[in-house]
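Just below is one structure, and these are the notes that go with it.
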Amino acid sequence: MSDAVKELKKIAEKIYDDLAKGKIPSIELPARTKSNIVFDDRYRVWKYGSQNITRSAVSLSGAYMLLRTMYVIDFIKDMIEQGKSSTLRELYYISEGWGEAKFNSQDESDKLAEDLEIITKKLREDFKLRPEEDGARVIGDIVIEETTRKGEKRRIHCQDDVGDAGYSIPYNVEKEKLRFVEVNADKVIAVETGGMFDRLVENRFDEKSNAILVHLKGQPARSTRRFIKRLNEELNLPVVVFTDGDPWSYRIYASVAYGAIKTAHISEYLATPAAQFLGVTPSDILNYELPSDDLTKEDISALQSELSDPRFQDEFWLNEIKLQLEIKKKAEQQALAKYGLDYVTDVYLPEKLAEMGYEM
Amino acid sequence: MPIAEELAKKQRQISIAEFFEKNKQILGFDSLTRALITCVKEAVDNSLDACEEAGILPDIFVEIEQIDGDEYRIVVEDNGPGIVKSQIPHVFGRLLYGSRFHSLKQSRGQQGIGISAAVLYSQLTTGKPAIITSKIGEGFPAHRIELIIDTKKNLPRIIKEEMVHWKKKSGTRVELFVKGKYVKNRKQSVYEYLRSTAIVNPHAHITFIEPDGNEIIFERAVDELPKQPKEIKPHPYGIELGTLLKMLKETKAKKITTFLASEFSSVSLQKARQIVAKAGIDENKEPAKISLEEAKKILETFKKVKLMAPPTDCLSPIGETLIKRGLRKETAQLSPEFISTDTRQPSVFAGTPFMVETGIVYGGNLPKEERVEILRFANRVPLLYQEGACVITEAIKNIDWRRYGLEQKGGKGIPYGPAIILVHVASVNIPFTSESKEAIANVEEIEKEIRLSLQQCARRMKTHLSKKAKKEKAKSKFLLISKILPEIARKAAEMLDKPVPPIDDVISQIMNIVWIDDEVVTKDGMAESKIKIINYKRKPQEFILYAEIPSKEYVMDVIPEPLEIRERIIKWKISLKPSEKLELSFKIKCDGIDFDENNLYVLGIDPVNIVGAEKWEGEE
């Protein structure tokens with residue numbers, strides 16, 4: 001019996017024992033809120049604190065959650081025993097046949113899968129559940145060995161063996177699936193938008209700056225974050241993050257560097273505490289006189305919420321966020337095109353990287 | 001010739017046609033749409049009155065046919081007593097004929113302008129005569145008369161008359177050709193008038209054929225005629241000078257005292273003497289010889305003398321049960337969840353007896369976001385126009401509906417929500433704001449009665465709503481313990497390959513109440529009430545359960561044996577072990593009464609431990 005199955009079975013046993021003892025069945029798990037994340041000194045990432053919530057059958061919604069938990073556990077157990085895997089979306093659709101235990105939205109089933117990770121201290125990959133979205137793209141001077149579904153080990157040079165779209169990060173990036181064979185690049189640049197990623201590729205910035213370019217595709221998938229972390233930890237490559245200049249993009253950086261609130265239980269797997277923020281910063285908006293948009297109401301409240309987010313409590317972020325609230329402006333990465341298509345690769349990035357102490 | 005005489009000549013020449021033209025609005029003919037409604041309304045009101053007076057259950061047929069452009073043919077036919085041939089021209093061909101001015105009676109038409117105005121309108125707009133067919137009984141011939149009104153003389157002129165064969169036992173059929181406009185899906189439409197009429201006249205059967213051939217039937221909900229209202233004499237408190245003068249002139253009484261005692265209600269001979277003495281008039285004076293000054297004195301004295309209120313048995317209310325049935329029948333397609341009705345005791349304003357009845361329909365498919373629908377009635381006649389000027393609307397606006405579960409901005413104004421509010425004012429003399437009889441004047445006493453009555457209905461609605469909310473909450477718990485929890489136990493056992501654990505203990509911890517669930521099923525005139533009680537407490541429970549009943553005489557098959565059955569209540573002693581279930585039931589004969597919701601009460605147990613019943617506050 002796999003470890004994951006053992007751990008999941010413990011949950012079923014807890015509920016069974018509660019009932020057998022005449023207790024209202026319940027399970028406890030950490031509160032997944034901003035107020036319940038604490039800094040873990042050992043891993044230098046943000047993890048859940050000690051506030052717990054109880055899912056108890058005393059309320060109808062709690063009882064539904066417990067019933068669904070039982071069904072999901074049973075489903076995962078069967079899947080592991082049969083050597084299969086499924087997407088989170090498939091899990092949601094499979095629940096259609098579960099009668100009262102059926103999920104009302106995929107959001108509910110996704111969250112429950114995360115709950116199970118938290119309770120069992122296992123990864124969703126251990127449960128053979130994978131996300132819907134494909135991993136992001138990578139271009140750079142690195143050779144990766146991937147074990148394909150046929151069991152072959154295939155080496156891929158992420159410049160020579162791939163097209164302009166780059167190498168696609170698979171959902172499982174653990175060592176048994178993916179190994180780094182050789183690397184000549186000396187840094188990682190994680191880029192938020194596809195447009196900017198393609199611009200850097202077209203301008204051959206991976207070659208010019210000897211960087212591995214990673215496309216984050218907005219809020220990065222787990223596998224992308226895990227991939228970046230491994231590049232940083234195993235190959236000692238520094239990581240910089242290049243995003244739009246708005247509060248939502250800062251959260252993208254935060255999830256790469258410190259861990260996301262939703263996945264704080266596995267921050268030590270996913271977060272790269274050494275990752276640095278390159279821009280676009282509110283100071284950049286002023287310094288480079290970038291075309292900008294006014295902050296919306298939502299932007300402002302997101303910025304204000306970040307001021308109280310423990311992940312942003314350092315001088316750099318507090319200053320930049322306060323500055324942005326003052327100027328009430330935001331700018332996209334691609335606003336740099338104001339000065340021409342090559343400006344970002346010829347001027348902006350070299351200047352910013354130099355500022356951060358990188359040699360070009 | 002003196003100018004005055006010239007003028008007098010002209011005055012005489014003002015024909016009734018001109019009078020009509022000038023007063024179109026107050027007579028209800030100011031627009032094509034309204035004119036069509038008014039014609040139907042006058043004919044149908046007459047038919048209903050005639051049937052009721054004759055003790056016949058009304059069976060009324062209404063057809064509107066579009067002849068050409070804006071010309072319509074209206075047919076209204078009833079199964080009433082018919083009209084004797086010689087009277088037909090007078091009833092249909094003379095304005096103000098039969099007008100009674102000093103006997104008071106709750107009736108639909110009050111002035112007698114009604115149907116003849118419709119005849120006049122039709123002849124003025126299409127030039128065609130009205131066709132009246134009437135038969136007064138089996139074995140009598142039916143007469144078919146075509147007539148117009150001579151507008152100069154205000155007299156009927158018969159164009160054609162013949163005897164015809166009519167299968168009907170008796171009845172009257174009116175055919176009018178009018179200019180009009182037929183509208184659908186509007187509050188002010190013939191359909192709405194008939195639907196409203198059907199609600200407050202559940203004893204009537206109405207068939208309606210629209211211009212497009214669509215047939216609508218408003219079924220009869222009760223086979224009983226309303227009690228015939230009695231005529232009463234005017235009460236001194238409500239009399240006006242003009243009426244008094246007319247009465248003085250026309251009375252057969254020889255002495256002023258006998259006049260007062262015989263022509264007014266609540267005036268005894270002794271009181272009459274007192275009034276005359278106070279007014280300083282000789283008690284033997286002939287009424288006809290009373291001067292204007294003396295009449296004014298009498299009027300003033302009326303107000304100073306303490307008199308009994310007028311008799312109120314002259315009023316004929318529809319009644320709570322019948323309004324409820326009418327509302328239920330006509331809102332059935334909306335499947336409302338709750339209907340409450342109320343009939344107030346008769347009351348008096350300015351010496352005039354009146355009474356108020358109300359009803360509220362709530363929920364079902366009624367629109368949730370819109371203004372509530374208001375149905376106004378005066379003496380069983382729907383009021384479709386001038387809603388804003390009516391005391392009914394005023395009274396509704398002055399209630400804080402938020403307290404009763406409807407939305408209302410600032411606690412004033414017409415409320416919003418899934419509801420229909422019905423108000424019926426019955427009186428021997430409805431104080432309309434104008435001759436068009438579409439709005440009731442703002443009389444304080446009437447406003448107050450409407451308000452009190454609506455509040456009574458609203459309170460019941462509120463009780464119903466909070467009961468429902470409580471049940472909803474309890475229902476979710478019930479789902480939890482009856483479905484979800486057993487499923488959790490089953491699944492856990494299956495996964496671990498262990499026996500299913502018992503969950504009764506957990507259930508009582510989660511519920512920790514005594515649960516009462518009830519329903520009323522009505523079938524074949526019999527309402528069966530079923531009450532289910534489950535003890536989810538961990539200890540045995542003992543208490544008394546009370547079920548409200550309309551009256552002892554309607555109750556049958558009470559199971560199990562109750563402690564006792566009183567006039568309005570059945571009383572059981574309940575004793576339940578933990579997890580024990582008990583089913584109770586009884587039947588109610590719905591013979592002229594309705595029973596559609598249980599009201600359950602408990603005694604001897606803390607009400608917080610009970611879902612589905614309230615605390616009993618009455619005597620034990």
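Computed quantities for the displayed model
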{"read-out": "Residue among A:L286, A:L270 that alone is open to solvent by less than 20 Å² (accessible area, probe 1.4 Å), touching a residue at least 40 places away in the same chain (Cβ under 8 Å) and among the aliphatic types (A, V, I, L, M)", "value": "A:L270"}
{"read-out": "Among the candidates A:R199, A:R179, A:R230, A:R226, residue that is of a type in the set (K, R), in a strand (DSSP E or B) and farther than 13 Å from A:V240 by Cα", "value": "A:R179"}
{"read-out": "Whichever residue in the stretch A:238-262 is open to solvent by 10 Å² or more (accessible area, probe 1.4 Å) and assigned to a loop (DSSP other than H, G, I, E, B) and, among such residues, is nearest to A:Y358 (Cα to Cα)", "value": "A:P238"}
{"read-out": "Selection count, the stretch B:111-152, where residues are hydrophobic (A, V, I, L, M, F, W, C), open to solvent by 30 Å² or more (accessible area, probe 1.4 Å) and out of contact with any helix residue (DSSP H, G or I) (no Cβ under 8 Å at 6 or more places or on another chain)", "value": "2"}
{"read-out": "Pick from the stretch A:4-61, criterion modelled with pLDDT under 90 and among the aromatic types (F, W, Y), ranking: farthest from A:A302 (Cα to Cα)", "value": "A:Y43"}
{"read-out": "Residue match in the stretch B:210-227 (condition: within 30 Å of B:G139 (Cα to Cα), basic (K, R) and touching a Ser or Thr at 6+ places or on another chain (Cβ under 6 Å))", "value": "yes"}
{"read-out": "Test: residue in the stretch A:69-87 that is touching a residue at least 24 places away in the same chain (Cβ under 8 Å), crowded, with 21+ Cβ neighbours inside 10 Å, within 14 Å of another protein chain (Cβ to nearest Cβ) and farther than 28 Å from A:R130 by Cβ", "value": "no"}
{"read-out": "Number of the exception - B:E494 against (1) open to solvent by 60 Å² or more (accessible area, probe 1.4 Å); (2) of a type in the set (D, E, K, R); (3) at pLDDT below 90", "value": "(3)"}
{"read-out": "Condition check for B:P540: open to solvent by 40 Å² or more (accessible area, probe 1.4 Å), more than 14 Å from every other protein chain (Cβ to nearest Cβ), out of contact with any Cys (no Cβ under 6 Å at 6 or more places or on another chain) and modelled with pLDDT of 90 or more", "value": "yes"}
{"read-out": "Residues within the stretch A:1-26 that are facing another protein chain (nearest Cβ under 7 Å), assigned to a loop (DSSP other than H, G, I, E, B) and in contact (Cβ under 8 Å) with a residue 24 or more places away in the chain, tallied", "value": "2"}
{"read-out": "Those residues of the stretch B:153-170 which are closer than 30 Å to B:I56 by Cα, open to solvent by less than 70 Å² (accessible area, probe 1.4 Å) and in a loop (DSSP other than H, G, I, E, B), in sequence order", "value": "B:W166, B:K168, B:S170"}
{"read-out": "Residue count, the stretch A:27-52 (criterion: within 19 Å of A:F103 (Cβ to Cβ) and either more than 14 Å from every other protein chain (Cβ to nearest Cβ) or surrounded by fewer than 16 Cβ atoms within 10 Å (Cβ to Cβ) (or both))", "value": "2"}
{"read-out": "Sole residue being open to solvent by 10 Å² or more (accessible area, probe 1.4 Å) and not small (G, A, S), chosen from B:V391, B:V428, B:V372, B:V443", "value": "B:V443"}
{"read-out": "Tally, over the stretch B:407-425, of residues that are in a loop (DSSP other than H, G, I, E, B) and open to solvent by 10 Å² or more (accessible area, probe 1.4 Å)", "value": "5"}
{"read-out": "Unmet criterion (only one of (1) within 14 Å of another protein chain (Cβ to nearest Cβ); (2) touching a strand residue (DSSP E or B) at 6+ places or on another chain (Cβ under 8 Å); (3) among the hydrophobic types (A, V, I, L, M, F, W, C)) for B:I481", "value": "(2)"}
{"read-out": "Those strands (runs of 3 or more DSSP E) lying entirely in the stretch B:50-138 with at least 2 residues closer than 30 Å to B:P353 by Cβ and at pLDDT 90 or above", "value": "none"}
{"read-out": "Single condition A:A211 does not satisfy, out of (1) touching a residue at least 60 places away in the same chain (Cβ under 8 Å); (2) touching an Asp or Glu at 6+ places or on another chain (Cβ under 8 Å); (3) surrounded by fewer than 17 Cβ atoms within 10 Å (Cβ to Cβ)", "value": "(3)"}
{"read-out": "The stretch B:72-90, residues that are open to solvent by 50 Å² or more (accessible area, probe 1.4 Å) and either among the basic types (K, R) or free of Cβ contacts under 8 Å to residues at least 60 places away in the same chain (or both)", "value": "B:V84, B:K85, B:S86, B:Q87"}
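The values are calculated or read from the model by the stated rules, or taken from the named source; none is laboratory data. Bear in mind that the values here come from a model prediction, so they are computed numbers and not experimental data. Because the Cβ atoms are built from the backbone with ideal geometry, glycine has one as well, and the counts that use them run over all protein chains shown. To get the accessible areas, we keep the full protein, side chains included, count just its heavy atoms, and leave off ligands, DNA and RNA. Shrake-Rupley method; radii C 1.70, N 1.55, O 1.52, S 1.80 Å.
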